[in-house]
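A.B. asks: To start, I am sharing the structure in question, which I have written as structure tokens.
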Ligand code: PHE
């Protein structure tokens, strides 16, 4: 890895590693809390439209740029720019992913704490106790900060080991395991008393709750969940082989990602309604709901509950890790290739920068109340700013770049399926990236700014 670019070893490895980037806390932590805050089923419907109409074409656009150039994000855009400043989108991606990694590691650190606590059987009590436990832990100055740094260092170690050994091997084993455990927990959660209300909340849309803000939140969630607009997909696609079918890969990943998010919703809301946790509790939602599932659904078989809770947090940590690896890789590949330093050195620059952001985010959740801006913690500000502004903006420009600027032949060649030599849906795709995607994102932006 020091001298040559890595590449993924197998077709399945590509899909799983890219899906590993997409599937993470975005699905299991952010999706349920966003759904809860934005009224449930109606939000999910808009989210699905965003994934299908904007997410998949946007993913393919990043794949095209990355695979064509086989370089880090900034160089990939620059290679196709003919001296024009499109490379800025790549730089923006490096910056965006750094901020995301900073706050994401805080939540991943919370998961580490919960893994530790479930091993020690610490979070056992009624719903009130569980709520208090989170409040006192997250507002502590020391533990969340240390877990955050620990998580970033863990990511650093995997990234330094290289693409094939670290990222691919980890993804292959962990993703399927996480899926199985989620299904078990959905069944457990739905079997709780009064759980049906939660299922209804997820499936019965109430459109009276939809306003422009719900739309931008759904858009942001779709981009965040697919890792779109951070140049992450572009960086991963630079390791794809010619045989990878880009449209098929994007569709498969979007499907898997959405399936896991919906499963996470089905795991959280029935339990939340059953034990009386407010669905709009915000970022703490899964942490004040899940322990109740482990305690209550398995009350008659505490050992099973114990094992499942430990396993679940372990897998959650690992799902977060496959995502943080991808965020870290964007910066590492960039510093290594663009600044002509070693890969190890590049990784350290990224790690230190993310730790600084992460520490501020961790402290903003209660320990240092001054770190609140516009009524939101610094962590929430970073989260909103990246998901609702930076990511859609990068994707907007990427669609314009692919749709209008780079030679149509390049787009067509990359879009073509190399085993059948056919570019089915190319016309539809071009129409989407040229008109539909940029226009939709623009309209949602203008709404958000109050212009429309
Ligand atoms: N998509 C990841 C998740 O759902 C988060 C992520 C965002 C990963 C941006 C990489 C880049 O958890």
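A.B. asks: Ranking 386, 249 by Cβ neighbours within 10 Å, fewest first, what do you get?
C.D. replies: The most exposed by this proxy come first: 249, 386.
A.B. asks: Please determine, in degrees from 0 to 90 and to the nearest 10, the orientation of helix 11-22 with respect to the longest principal axis defined by the Cα atoms of the chain, where the helix direction is its Cα long axis.
C.D. replies: Result, in degrees: 60.
A.B. asks: Once the Cα atoms of helix 343-363 and of the chain are each reduced to a long axis, what angle between those two axes, in degrees from 0 to 90 to the nearest 10, is obtained?
C.D. replies: Taking Cα atoms only, the helix is inclined about 40 degrees.
A.B. asks: Once R0 is set to 56 Å, what does the formula 1/(1 + (r/R0)^6) return for the Cβ-Cβ distance between residue 209 and residue 161, expressed as a FRET efficiency to the nearest 0.05?
C.D. replies: After rounding, the FRET efficiency stands at 0.75.
A.B. asks: Moving to a separate point now. Using a Förster distance of 30 angstrom, determine the FRET efficiency expected from the C-beta separation of residue 370 and residue 122, and round it to 0.05.
C.D. replies: 0.50
A.B. asks: Testing the spin-label approximation: label points 7 Å from Cα along Cα→Cβ at residue 255 and residue 306. State their distance in nm.
C.D. replies: 4.1
A.B. asks: What ranking of 228, 246 emerges when the number of other C-beta atoms within 10 Å of each C-beta is taken as an exposure proxy, fewest first?
C.D. replies: Ascending number of Cβ neighbours within 10 Å: 246, 228.
A.B. asks: Expressed in nm to one decimal, what extension gain is obtained for the pair residue 436 and residue 451 from 0.36 nm per residue of sequence separation less their Cα-Cα distance?
C.D. replies: Between residue 436 and residue 451, full extension yields an extra 3.4 nm.
A.B. asks: So, one more: If one computes the Cα centroid of the range 310-331 and of the range 353-418, what distance in Å separates the two points?
C.D. replies: Using only Cα atoms to place each centre, the spacing works out to 18 Å.
A.B. asks: If you average the alpha carbon positions of the range 179-224 and of the range 91-141, how far apart do those two centres end up, in angstrom?
C.D. replies: Going from one Cα centre to the other spans 21 Å.
A.B. asks: Same structure, new question: Listing 81, 227, 342 from the residue with the fewest other Cβ atoms within 10 Å to the one with the most, what is the order?
C.D. replies: The most exposed by this proxy come first: 342, 81, 227.
A.B. asks: Could you pull out which residues in the range 348-373 have an amide N less than 14 Å from a spot 7 Å beyond the Cα of residue 384, following the Cα-Cβ vector?
C.D. replies: 372-373
A.B. asks: Determine the gain in length on full extension of the stretch residue 84-residue 184; use 0.36 nm per residue of separation and subtract their C-alpha separation, reporting nm with one decimal.
C.D. replies: 30.8 nm
A.B. asks: Here's another thing I want to ask about it. Where does helix 143-160 land angle-wise versus the long Cα axis of the chain, in degrees 0 to 90, nearest 10?
C.D. replies: Orientation of helix 143-160: about 40 degrees from the principal axis.
A.B. asks: If the chain between residue 425 and residue 169 were fully stretched, how many nm would it gain, using 0.36 nm times the residue separation less the Cα-Cα distance?
C.D. replies: Difference between extended and current length: 88.9 nm.
Every read-out reported here was derived from the displayed coordinates using simple, explicitly stated rules and does not represent laboratory data. No experiment lies behind these values; they were computed from the predicted model shown. All Cβ positions, even for glycine, are placed from backbone atoms using ideal geometry, and neighbour counts span all protein chains on display.
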